[in-house]
Amino acid sequence: MRTQVLVKLLDEEDQLKYDPHMRELRESEQQARIFAALADPVRVRIVRELMGGGEYTGTALAQELGISLALFCHHSRILVESGVVTKRKEAQTAYLRANRRVLADCMKNLLA
């Protein structure tokens, strides 16, 4: 059973390497996740703030945007899962940063 799963994973990886349709499908799925994450005005505001550069704590961003920390945590989790935002933990504090490469690649692939 494990061998079959491994073979299937290898087959999928090979398909991504050599099959342009599979690669395009994977890129389209990633773009859809990014656009879904950006489909909320609060999340767009968070990303816009993060695009200013540097790392921010959730508390600082929530205060800057005038939203509760609970609401911020909900939206930041969606942004992190989509890859739009990266999160780094240091002790009890989480630092967030815009993932410019993911956003740039998404737009580049969309406009290609």
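The values are calculated or read from the model by the stated rules, or taken from the named source; none is laboratory data. Here the structure is a predicted model, which means the values were calculated and not measured. Every residue, glycine as well, gets a Cβ built from its backbone with ideal geometry; the counts of neighbours run over all protein chains shown.
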Report task. Please enumerate the residues belonging to region 73-95 that are more than 29 Å from R23 (Cα to Cα) and in contact with a Ser or Thr (Cβ under 8 Å, 6 or more places away or on another chain). Result -> T93, A94, Y95
Query raised in the report: List the pairs whose first member sits in region 96-112 and is without any contact (Cβ under 8 Å) to a residue 40 or more places away in the chain, whose second member is surrounded by 15 or more Cβ atoms within 10 Å (Cβ to Cβ), and whose Cβ atoms are under 7 Å apart, counting only residues at least 6 apart or on separate chains?
Result: N99/G83; N99/V84; N99/V85; N99/T86
Query raised in the report: Quick one: in region 70-94, which of the residues that are among the charged types (D, E, K, R) and touching a strand residue (DSSP E or B) at 6+ places or on another chain (Cβ under 6 Å) is surrounded by the fewest Cβ atoms within 10 Å (Cβ to Cβ)?
Result: R88
Report task. With the checklist (1) within 14 Å of the chain's Cα centre (by Cα); (2) at pLDDT 95 or above; (3) assigned to a helix (DSSP H, G or I); (4) aliphatic (A, V, I, L, M) in hand, flag the one item A70 doesn't pass. Result -> (1)
Requested in this report: Would you check which residues across region 34-50 are surrounded by 16 or more Cβ atoms within 10 Å (Cβ to Cβ) and either at pLDDT below 85 or farther than 12 Å from H75 by Cα (or both) and list them?
Outcome: I34, L50
Query - Checking G83 against (1) within 19 Å of the chain's Cα centre (by Cα); (2) without any contact (Cβ under 8 Å) to a residue 40 or more places away in the chain, the condition it does not meet - result: (2)
Report summary line: Looking across region 51-67 at residues that are within 13 Å of R97 (Cβ to Cβ), under 20 Å from the mean Cα position of the chain (by Cα) and of a type in the set (A, V, I, L, M, F, W, C), the single one that is surrounded by the most Cβ atoms within 10 Å (Cβ to Cβ) is L61
Report summary line: Flagged in region 95-112 as over 14 Å from V47 (Cα atoms) and either surrounded by 14 or more Cβ atoms within 10 Å (Cβ to Cβ) or under 9 Å from the mean Cα position of the chain (by Cα) (or both), in numbering order, are D105, C106
